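Reading through the C-alpha cells given below for one structure.
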Amino acid sequence: MRFIFDEMLKNLSSWCRILGFDSEFFSGKSDSELLEHAEKSERIFVTRDAELAKRCGKHGVKHIFIKGESIEEQLGQLLRESKAEPTFPEKTRCASCNGELEDVPKESVKDDVESETFSHTERFWRCSRCGKVFWEGGHWKNIKRIYEDAKRIAKEG
C-alpha cells in the first residue's frame, strides 16, 4: 500500500512508515503538484483538507479524508478505509525518510549508538536510504500501544 500525505498530516505519514507503509510527504509543494504526483505514482492521497479531498474525487485520485484528531483515530481510520495490512513490527520503514529498515549485526553499529544503548540492546536496524540506526528503545512500548489502539479503532469502525 502506497500513500502520499498533505502537509497537515506529516505526523501520520511518519506513523505509517513505522507500520511499514511506503508513505511520501512533501513540504512546500502545491496541492496541484501533490495531486499530480499521487495520480502518476498511483498512491492514495491522504488529507485533512475537505476541498482537496473533493479535488481528488473530481480527478479520479484515490484518497482518504482524515477526520480524527488523535494519531490513534487517524491511523485507525486509515487502516479501516484503505484495508491496508501493516508489516509492523517485522518490517518497518524509517520514520524520517521512508527508506526500508534492514537488520544489521550489532557490531556494525558500535560507533553509531551510545555505549549504554549498545551494551543493553541486541537487535538493531539501519535505514537503507539515510543510514539512521534504530532499536527497540523506551519508546517501543508507546509505539505498540498506539498501534494496538489504532487496530481496535479500525475494527470498531
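Some notes on this structure:
- Ordered by the number of other Cβ atoms lying within 10 Å of each residue's own Cβ, fewest first, THR92, THR47 fall into the sequence THR92, THR47.
- Whole-Å distance, taken between Cα centres, linking region 107-151 and region 1-78: 26
- In region 48-157, GluC sites (Glu not before Pro) in a DSSP loop with at most 15 other beta-carbon atoms within 10 Å: GLU69, GLU90, GLU114, GLU122, GLU136
- Legend: calculated FRET efficiency, LYS151 to ARG123, from the Cβ-Cβ distance at R0 = 35 Å, rounded to 0.05, equals 0.90.
- Calculated P(r) tail over 13 Å for region 101-146, as whole % of Cα pairs: 55
- Calculated [θ] (222 nm, deg cm²/dmol) that DSSP helices of n ≥ 4 give over the chain, each run adding -39,500 (n - 2.57): -12000 deg cm²/dmol
- DSSP finds beta bridges in the chain, and of those with both partners inside it, around 45 percent are antiparallel.
- Which labelled figure in (i) 16.9, 55; (ii) 18.0, 61; (iii) 15.4, 44 is Rg and Dmax of the Cα atoms in Å, once derived from the coordinates: (i)
- Average Cα contact separation per residue, region 2-90, under 8 Å, 6 or more apart, as relative contact order %: 30
- Taking every C-alpha pair closer than 8 Å and separated by at least 6 residues, the mean separation divided by the residue count of the chain gives a relative contact order of 23 percent.
Read the figures in this text as sums done on the coordinates, not as results from a lab. Quick caveat, the model's predicted, so the values are computed rather than measured. Note: ideal-geometry Cβ built from the backbone for every residue, glycine included; neighbour counts use all protein chains shown.
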